[in-house]
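The values are calculated or read from the model by the stated rules, or taken from the named source; none is laboratory data. In this text the structure is predicted, and so the values were computed from the model without any measurement. Here the Cβ positions follow ideal geometry from the backbone for every residue, glycine too, while neighbour counts run over all protein chains shown. Note: areas computed on protein heavy atoms with side chains; ligands, DNA, RNA excluded. Shrake-Rupley method; radii C 1.70, N 1.55, O 1.52, S 1.80 Å.
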Amino acid sequence: MALFNIPSSSSLFLKSFPSISSRHSQHPLLLSISCSSKSNSDDTFSDENKTPKRKLSEQSSWEAKDSQGNDYLYRLGKEADNMNIAVGARPGVIDPLFAGNFLGRDSDIVFDYRRKVTRSFEYRQGDYYIAPLFLDKVVCHIVKNYIAHLINAKVPLILGIWGGKGQGKSFQTELVFQAMGIEPVIMSAGELESERAGEPGKLIRERYRTASQVVQNQGKMSCLMINDIDAGLGRFGNTQVTVNNQIVVGTLMNLADNPTRVSVGQDWRQSDVINRIPIIVTGNDLSTIYAPLIRDGRMDKFFWQPTQEDIVNIVHRTYEKDGINRDEVVSIVNTFPNQALDFYGALRSRTYDTSISKWVDDIGGVENLGNKLLKRRKNETLPVFTPPKQTLEALLESGYSLIREQKLIMENKLSKEYMKNMEN
């Protein structure tokens, strides 16, 4: 037993306060701190005064041992990693006496920050079109995973949505989440690599458990979504495979095989069972992914190629608020065939260029742009920005401009011009 007594230099302090000094003389162990657990012998005495050691209690948890003789509380804390992100000091969850009102109804002031790992779609206002085939596939995958215990068949945990660039895979998926009231956890390919080995794999497991906690604590449906997975895990030519690539692939394979037993570093416990959470990944080419990860038992594949009807409906719903009718949308789509969906969004954005240039002139020109935007007085207002009126002619003109830029990129490979002198 180690004793941390008051040092000799503090004797002057005790002499200055007789009451403390006298109490200390009567109870020499009062200010001593025991750092050991219960002794094997009840007759153990301290070295100085030969008085019996004081125990906290015969049933104190601080002195409890597990079946292996190790410190019980230490082992419990090591095993039980606190993943509770939604309770905190909330009225109705704990005694109102401890919740208080001085911080509002929720006393957990960091609760809102911790929830930012999930995505809500309140900001997305308006009426958008969801392709029926896309809706059916995503909804079916999510529902199958939530009722997997009722289905007498193997249910793949991962849905891989792949297809051409800019075809709205991520956007359509988020529209489905919004329609179903799902609060997902969304990751990008940029989070699948790190300077620390094992960090991305651990991050995936933490995000997966966070989605499980959304289901358990908030009573909302959730899922884990990884955008552009082939950009982070794909093997292109002589691309080097890193340790983190292998760990991420192994983590996803393990999640697909054991969706309710997910470790984030703590010791395994038999009671540590979480909710099964569906995973959705998007990419352009799933053939670049490690083959055992995308096998049918683990991943359900869905190739998304919108039909002409889908493109017209999606673009029309986007242009509808601008007064562009369906026949004009059909004319635009037929004028620029074989273009991705994001082309028609960029086409509309290009029509704003002239109006923005005029607005810059109205606030004093390019020279005063920084001062007007960032350093204006509180009572100083900026000129009203008037968006352009969308017409078929303006949209077609913007489309031709975008097509010219595409052709220039394909025809003028400037990198070859830069390096042509290096070939000799």
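Loop-located GluC sites (Glu not before Pro) in segment 134-241 (DSSP state not H, G, I, E or B) with no more than 12 neighbouring Cβ atoms inside 10 Å: GLU195. Remark on MET225: its backbone amide H falls under 5 Å from those of VAL185, ILE186, MET187, ILE280, a criterion applied only to residues 5 or more positions apart or on other chains, H modelled at 1.01 Å from N. Ordered from largest to smallest accessible area (heavy atoms of protein chains, 1.4 Å probe), the residues HIS316, HIS141, HIS149 come out as HIS149, HIS316, HIS141.
Computed over neighbours whose Cβ is under 13 Å from that of VAL329, the net charge equals -2, Lys and Arg +1, Asp and Glu -1. Around the Cα centre of segment 318-424, unit charges on the Cβ atoms of Lys, Arg, Asp and Glu (plus for the first two, minus for the last two) sum to a dipole of about 480 debye. Using a 1.4 Å probe over the heavy atoms of the protein chains, calculate the carbon and sulfur portion of the accessible area of segment 219-332 as a whole percent. The C+S portion of the solvent-accessible surface of segment 219-332 is 48 percent. Among 160-167, 220-227, sorting by the average number of other beta carbon atoms lying within 10 angstrom of each residue, highest first, gives 220-227, 160-167.
Shown in residue order for segment 355-365 are the 3J(HN,Hα) couplings computed by the Karplus curve 6.51 cos²θ - 1.76 cosθ + 1.60 at θ = phi - 60°: 5, 5, 4, 5, 5, 4, 5, 5, 8, x, x Hz (x for Gly and Pro). When you filter the trypsin sites (Lys or Arg not before Pro) in segment 307-391 for DSSP loop state and at most 14 other Cβ atoms inside 10 Å of their Cβ, you are left with LYS375, ARG376, ARG377, LYS378, LYS389.
For segment 213-295, chymotrypsin sites (Phe, Trp or Tyr not before Pro) are listed when DSSP marks them as loop and at most 12 other Cβ atoms sit within 10 Å of their Cβ; the list is PHE236, TRP268. Net charge in the neighbourhood of PRO278 (other residues with Cβ under 11 Å of its Cβ; Lys, Arg +1, Asp, Glu -1) is +1. Electrostatic bookkeeping for PHE171 treats Lys and Arg as +1 and Asp and Glu as -1; over the other residues with beta carbon under 10 Å from its beta carbon, the sum is 0.
For segment 132-264, the normalised intensity computed at q = 0.11 Å⁻¹ comes to -0.43 (log10 of I(q)/I(0), Debye sum over alpha carbons, equal scatterers, no solvent).
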